[in-house]
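The values are calculated or read from the model by the stated rules, or taken from the named source; none is laboratory data. In this text the structure is predicted, and so the values were computed from the model without any measurement. Heads up, the Cβs are rebuilt from the backbone with ideal geometry, glycines too, and the neighbour counts pull from every protein chain shown. Surface areas here come from the heavy atoms of the whole protein model, side chains and all, with no ligands, DNA or RNA. Shrake-Rupley method; radii C 1.70, N 1.55, O 1.52, S 1.80 Å.
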Amino acid sequence: MRTELSASAWIAGRQRTRVTMELRPVRILARIVSMARIRFLGARFLLAVAPFALLPQVLAPAAAAQSVSPEGIEFFEGKVRPLLITHCSKCHTAKKAAESGELVLDSPSGIQRGGSRGVLFTPGKPSESLILKAVSYADAELQMPPDGKLPAGEIGVLTKWLELGAPLPGTDGPAASIQPRVDIESGRRFWSFQPLGDPAPPVVSRLDWPQRPIDAFILARLENEGLSPSSAADRRTLMRRVTFDLIGLPPAADDVDAFVGDDRPDAYERLVDRLVASPHYGERWGRYWLDMARYTDENPSWLSSAKLAYRYRDWVVAALNSDLPYDRFVRLQLAADLMGDASPADLTALGFLGLSPTYWKELRLAPQLIEVIVADEWDEKIDAVSRTFLGLTVACARCHDHKFDPITTRDYYALAGVFANTQQVDRPLLDSQAADIVREVRRQIDTLEADLAKLKDKEPEKAAELKAQIERLKGETPHYDAQWAHGVDDARVEVLPDGPDKTKVVYHRGQASDVPIYKRGNPGNRGEIVPRRFVEVLSPAPLRRFEHGSGRRELADAFFTEAQALSARVIVNRVWAHHFGVGLVRTTSDFGRQGEPPSHPQLLDDLAERFVSRGWSLKRLHRELVSSATYRQASNDQGPMTNDQTSPKSKIPNPKSVDPANRLLWRMNRRRHDVEAWRDALLAASGELDLSIGGPPDDLSRPENRRRTLYGRIGREDQDNLLLLYDFPTPTGHSPAREQTTTPLQQLFVLNSPLFAARAKALAERIGPPASGEQIDLQVRRLYRDLLARVPSDYEMNLAREFLLPRGSANSSPELWTQYVHAVLGLNEMMFVD
């Protein structure tokens, strides 16, 4: 399982995991955090690979083969073991190794096993032993202990021990803790890696209930448990539900009335078709995609700008509105620049990779440290790509084979080679030849503008000449003013020394090379070079190498050839989760052994198989799900409907006892709005919502911003308070789901925020305050109709009268009316889908 770990874990040499830190304080603090992280990485770099990781292995095979003299054991126990305890026990005990998988120096078998660099010594040849090179600081990359070189006397103790043949007391058994190699063949039998089946819908007793094939699978499970589905939701509830689900906006009251009164047998199907054809459909479902794409409009100031990110957001919205087949939707986001049939406008899709988080690289540090930062950037892309498209935590195999899934470290570095040869760049939306010309001219203009800035109002004639040259280049270059977008390019990265303890990062455009395994995730401890390829457990033999550029195009193709079944299951499950509140596989981004198995495996395969065979159409999938009888159920828990109206319900088991979590879907799940739909509904209710589509972002905190929340500015360092308060995901990494919270601060926001106060005032003025007590009932009914598309209950009407006519007054006031509207806007009903 992908874990989150603080930077201090580097010191213990533990399993490398990425630090997810909210860089929201001050810019300086963010820089300090970044620098501190680099320093920790340096400590970890030394610890994980150095002498003490070497100590045990140098001792290994030869020592075990010799007969150990009592004098040798006495020397070890009296001299060597105390030395190890003093200098090594902080990090290299069995307990620590159980957490980190690193070197063990507190047991004979641990010493015999050694560390990640192999054998620690050659008995009888101390000068050739890695352990002595490490403790004597003979190698700049192998220096242990990290807090200072051992005294000459202690180095002499280790030298004598090696001359004696590195004797050890009786070992406590073989190296049982060494992990066996991943069993690929066994792993291929795991459920999520199987080819898609074509299961026939099961036979059910209730032939009148299923509306779509999925209903038969749901009903069969219910009948097996002696349960029945719930009654259908009323038409008002159903229209609000499906409208919010498909376009993220509330239905107009007149539209609700029209649907409730439409007695045509296909009235609901007509409604669904109208909603999926709406341009607001792409806005709703595009936002869910952007959660996984780590979308941001703003990076911290010391990193590259993300000011063009909105073009990727708008591309996603347009692609979903056009029902671009999902397989092409993915291919374009990974490799549009490498696809011969992609248009220049499609290059915007590369924002999925082009907006990946980057980390500060302090080039005044040594190359070994910068290499770790560069590797972290590959790691983030591997994590986002593998979890988004495959539902697998491939990044867990960076330091060692995956602990649970059949994914090897070789698999990880085979994919790392793809992203090690991928550079994040801004690129013009032009064909490659025209783009290269514009890029070159821009480089020339950047140089001229730098020269112009150096003049600082001196030499006006030269300044005028430079300005004229700049304008001439702009005017003579075709497509100079073409749109640009954040994307990627094929380019091999190289981290090189640039003087003492300085570094330069060089990209070689158009070049590509494979990368070696970084043992324990450490760039300073390199193993064999791994060819770029796809994950072995999903690939047929023999493994196919990626040979074209970085391999991004071949990787994208592999998702829909070798991994077609898994890719289809993952996206179908994601769509299901958004409609029903929880996925058939609850862990939507983990289809491995640590994830949950599907509640309805045959249903998942049926949906995935038909999704593939019908052209990977997401709109068709949405229609299938929301048109089902399962989706149309009521969300209350008053018990199931019965087929025989004369039989008492008491004969049917209580579904809340049999299935309290509703995994069998005997009713519809009650769901809360995400923050985008909630804010948009408030603006729609007050008549202020601006429904224009696309364009640059705007601050949500700006009072004049009435656009949909999708177009609010998203930042990696700073986030709008509204988004923070209502569980918006931080765009520092892949986010598979919104984790909903309920806090007192949220209620205080409803009561006191300018957003709510302004919407209440605008809505109160739009409806108009009741001029007299006789008008209260009329205005309150209109308020409930406009907000909730229903009539207020008698209890709600009595409360309204009591509040608006205090102490028996004959008339109300505009102030009381605005306060009442504010209170109704804060109802729980406004926060929930139904």
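Results, tabulated for the structure shown:
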| quantity | calculated |
| --- | --- |
| Some residue of segment 394-404 being of a type in the set (D, E, K, R) and either closer than 18 Å to Gln333 by Cβ or surrounded by 24 or more Cβ atoms within 10 Å (Cβ to Cβ) (or both) | yes |
| Strands (runs of 3 or more DSSP E) enclosed by segment 475-531 - at least 1 residues per element that are farther than 18 Å from Ala416 by Cα, open to solvent by 40 Å² or more (accessible area, probe 1.4 Å) and not acidic (Asp, Glu) | 484-497, 503-509 |
| Within segment 455-470, tally of residues that are farther than 30 Å from Asp489 by Cβ, assigned to a helix (DSSP H, G or I) and not acidic (Asp, Glu) | 7 |
| Arg387 vs. criteria open to solvent by less than 70 Å² (accessible area, probe 1.4 Å), basic (Lys, Arg) and modelled with pLDDT of 95 or more | yes |
| All positions within segment 803-828 that are of a type in the set (A, V, I, L, M, F, W, C) and closer than 20 Å to Pro792 by Cβ | Phe803, Leu804, Leu805, Leu816, Trp817, Val821, Ala823, Val824, Leu825, Leu827 |
| Extreme residue, nearest to Arg623 (Cα to Cα), among residues of segment 172-227 that are hydroxyl-bearing (Ser, Thr, Tyr) and modelled with pLDDT under 95 | Ser205 |
| Condition met for Ala420 (in contact with a Phe, Trp or Tyr (Cβ under 6 Å, 6 or more places away or on another chain) and closer than 19 Å to Val505 by Cβ) | yes |
| Residue in segment 233-268 that is farthest from the chain's Cα centre (by Cα), counting only those that are part of a loop (DSSP other than H, G, I, E, B) and within 19 Å of Arg671 (Cβ to Cβ) | Asp234 |
| Selection count, segment 699-746, where residues are buried (at least 16 other Cβ atoms within 10 Å of the Cβ) and of a type in the set (Asp, Glu) | 3 |
| Residues of segment 335-377 satisfying the condition of being open to solvent by less than 30 Å² (accessible area, probe 1.4 Å), of a type in the set (Gly, Ala, Ser) and either on the phi > 0 side of the Ramachandran plot or not in a loop (DSSP other than H, G, I, E, B) (or both) | Ala335, Ala336, Ala349, Gly351, Gly354, Ala375 |
| Near pairs, Cβ below 6 angstrom, 6+ apart or cross-chain, from segment 755-773 (in contact (Cβ under 8 Å) with a residue 40 or more places away in the chain and assigned to a helix (DSSP H, G or I)) to any residue that is among the hydroxyl-bearing types (Ser, Thr, Tyr) and open to solvent by 30 Å² or more (accessible area, probe 1.4 Å) | Ala760/Thr818; Lys761/Thr818; Ala764/Thr818 |
| Number of positions in segment 591-636 that are open to solvent by 20 Å² or more (accessible area, probe 1.4 Å) and in contact with a Ser or Thr (Cβ under 6 Å, 6 or more places away or on another chain) | 1 |
| Unique match (being among the hydrophobic types (A, V, I, L, M, F, W, C) and closer than 21 Å to Ile571 by Cα) among Ile370, Ile382 | Ile382 |
| Any hit, segment 235-251, residues being open to solvent by 70 Å² or more (accessible area, probe 1.4 Å) and modelled with pLDDT of 95 or more | yes |
| Any hit, segment 409-431, residues being at pLDDT 95 or above, surrounded by fewer than 24 Cβ atoms within 10 Å (Cβ to Cβ), under 21 Å from Leu566 (Cα atoms) and not hydroxyl-bearing (Ser, Thr, Tyr) | yes |
| Unique residue being in a helix (DSSP H, G or I) and touching a residue at least 24 places away in the same chain (Cβ under 8 Å) when the list is Leu778, Leu748, Leu722 | Leu722 |
| Among (1) surrounded by 20 or more Cβ atoms within 10 Å (Cβ to Cβ); (2) more than 25 Å from Lys361 (Cα to Cα), the one test that Glu562 misses | (1) |
| Count of residues meeting criterion [open to solvent by less than 40 Å² (accessible area, probe 1.4 Å) and closer than 27 Å to Leu825 by Cα] in segment 658-671 | 3 |
| Residue, farthest from Arg212 (Cα to Cα), within segment 576-588, restricted to residues that are open to solvent by 10 Å² or more (accessible area, probe 1.4 Å) and out of contact with any Asp or Glu (no Cβ under 9 Å at 6 or more places or on another chain) | Thr588 |
| Residue identified as more than 24 Å from Ser628 (Cα to Cα), open to solvent by 10 Å² or more (accessible area, probe 1.4 Å), in contact with an Asp or Glu (Cβ under 9 Å, 6 or more places away or on another chain) and not hydroxyl-bearing (Ser, Thr, Tyr) among Leu332, Leu320, Leu308 | Leu308 |
| The lone exception for Ala464 - which of (1) open to solvent by less than 20 Å² (accessible area, probe 1.4 Å); (2) over 30 Å from Thr296 (Cα atoms) it fails | (1) |
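Here's the yes/no breakdown for (1) at pLDDT below 90; (2) open to solvent by 30 Å² or more (accessible area, probe 1.4 Å); (3) of a type in the set (Ser, Thr, Tyr); (4) not in a helix (DSSP H, G or I):
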{"site": "Tyr795", "(1), (2), (3), (4)": "no, yes, yes, no"}
{"site": "Ala810", "(1), (2), (3), (4)": "yes, yes, no, yes"}
{"site": "Leu816", "(1), (2), (3), (4)": "no, yes, no, no"}
{"site": "Tyr820", "(1), (2), (3), (4)": "no, no, yes, no"}
{"site": "Asp834", "(1), (2), (3), (4)": "yes, yes, no, yes"}
